[in-house]
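Asker: Dropping the structure in here first, questions after.
The values are calculated or read from the model by the stated rules, or taken from the named source; none is laboratory data. It should be emphasised that the depicted structure is a prediction, and the values quoted were computed from it without experimental measurement. Cβ atoms come from the backbone with ideal geometry, glycine included; neighbour counts cover every protein chain shown. Surface areas here come from the heavy atoms of the whole protein model, side chains and all, with no ligands, DNA or RNA. Shrake-Rupley method; radii C 1.70, N 1.55, O 1.52, S 1.80 Å.
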Amino acid sequence: MSARVGSGTDVMALGGRIASTAAGLMRCRPLGGQEEAALDLVCEWLASHDVVVSRQQVPAASLEAHPYYSAEIDRSEVPVVIAEVRGAREGPTLLLNAHVDVVPADAGHWFTDPFAPVLLEDRLVGRGAADTLGGLAAAMHVMADLAAAPDFAGRVLLTPVVGEEDGGGGTLAGLVAGEVTADAAVVIEPTGLDIAPASAGALCFAIHVPGRTAHGSVRHLGVSAIEKAFVVHQALRELEAQRARALRHPLQPDVASGVPFPICIGRIEGGDYRCDEAAWARLEGRFGTPPDEPLADARAALERAVAEAAAADPWLVDHPPDVEWIGAQWVGGDTAPDHAIVAAARAARPDAAVVGVPYGCDLGLLDQVGGIPGVVCGPGSAAQAHGPDEFVLLDDLGRAAQALRRIIEVFPAQVTTNDRLARPIQ
């Protein structure tokens, strides 16, 4: 194992070097649809460290008909970058997957410019520090370490993907184009370096609720779509409670709310004029799903709950709400607990918890589209992701690089014939 990333390396010093690389990525402001400058930096950095890098553009139109494609950012092309290091001996292929895109940041709520990262004693602060430019930078240093000392079996790929924050278009593009195949994957997301063979899904939706307008002075002649939206909202709350009782996953932790897979309404709008009864209302939200729930089943459950609520309402029975699946759709991922990649991650992180993460990520696409089982593991906390003053500890960055390097070292010995590319790409 190379001294630059290996267990004998000072973790804080290693974390500081990784933080410097991550800070460069942050300064590129890689918001969704604006990731090219950060990708340029990733490619140049890796190439300068003797890592083989390929890059292509996949037409977005070629993905739009795919049942797992979703996006909230308009792209004519989806970039696919693949970095590769081959070991000195034959062996399996391990994929490191990390997204380069970040969510927007309201600078008014930060103590510093979100895209002018700063080092504060033991941490790096800036947008993407935890989610997930810090983890990507750690993987870049691991790839450089492998290229300098390729004394391992098999081959390691790194895909710095775009579009994870709006549905995973970058990962899907690499899979559908046939460029990304592997025996297993580590999806780098903030888990506090815990090991997550399962990730929840999340589906964005909109519900249009019809009403009937009337002048406010005679509102009894109309039907308030806003009031009827509360009928729909109550049905969603009841569905959420039913699913909390019925749907469990062995790795899904008990949560304080008692609702492991929430249904969240994040936006409501309606009506055309403040002095008239509202003729329409629109609810938009997020529908959480267990790791192993098929998308079709999840969508049918929500549509059925709305339809049943409408059937019991004297207005909605004849004016049913319309459910639309919009924007990002993250399918859940679920890797068998006895798979080689889980064993390798546990060997690399023997003190780590084995958990299921409550958020959607690219594990589901790798699993269900690419037939690539994997685990989610990375530095930082999901509690820091997307919020103001996002940070990652330097110690976590160093330990993440060492964990990835150790997984690469022990993974080949865990692989059996049954672990290899269990399903064809769909």
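Asker: Helix-only mean residue ellipticity at 222 nm, the chain, DSSP H runs n ≥ 4 weighted -39,500 (n - 2.57), per residue, nearest 500. What is it?
Answerer: Working: 9 runs with 127 residues, N = 426.
Mean residue ellipticity, 222 nm, calculated: -9500 deg cm²/dmol.
Asker: By its C-alpha gyration tensor, with a ≥ b ≥ c as the square roots of the eigenvalues, how is the stretch 323-392 shaped: rounded for a/c under 1.5, else prolate for a/b larger than b/c, else oblate?
Answerer: Details: a/c = 2.77, a/b = 1.14, b/c = 2.43.
In terms of gyration-tensor shape, oblate.
Asker: When only the heavy atoms of the protein chains count and the probe is 1.4 Å, how do Ile372, Ile265 rank by accessible area, highest first?
Answerer: Values: Ile372 0, Ile265 45 Å².
Solvent-accessible surface, decreasing: Ile265, Ile372.
Asker: Determine the per residue accessible area of the stretch 60-109 with all protein chains present and a 1.4 angstrom probe, expressed in square angstrom.
Answerer: Numbers: 2410 Å² over 50 residues.
Dividing the accessible area of the stretch 60-109 by its residue count gives 48 Å².
Asker: What residues from the stretch 57-91 fall in the zone where the backbone N is under 14 Å from a label point 7 Å along the Cα-to-C-beta line of Glu36?
Answerer: 57-58, 75-80
Asker: What label, among (i) 1.14; (ii) 1.10; (iii) 1.02, belongs to Rg/Rh (Cα atoms, Kirkwood Rh) computed from the structure on display?
Answerer: Checking each listed value against the structure points to (iii).
Asker: Keeping all protein chains in place, calculate the accessible area per residue for the stretch 146-293 (probe 1.4 angstrom), answer in Å². Display every interim value, and only then the final one.
Answerer: On the way: 5750 Å² over 148 residues.
About 39 Å² of surface per residue is accessible.
Asker: Accessible area of the chain with a 1.4 Å probe: how many percent of it is carbon plus sulfur? Don't jump to the answer; show the numbers that get you there.
Answerer: On the way: 8910 of 17330 Å².
That fraction is 51 percent.
Asker: Additional query: In the stretch 96-171, which GluC sites (Glu not before Pro) fall in coil by DSSP and have 10 or fewer other Cβ atoms within 10 Å? Display every interim value, and only then the final one.
Answerer: Numbers: sites: Glu121, Glu164, Glu165; in loops: Glu121.
Filter output for the stretch 96-171: Glu121.
Asker: Report the residues of the stretch 392-411 in range of a label on Asp338: point 7 Å along Cα→C-beta, backbone N strictly under 20 Å from it.
Answerer: In the stretch 392-411, the label zone of Asp338 (backbone N under 20 Å from the point 7 Å along Cα→Cβ) covers 411.
Asker: Additional query: Using alpha carbons only, how many degrees (0 to 90, rounded to 10) separate the axis of helix 394-414 from the longest principal axis of the chain?
Answerer: 80
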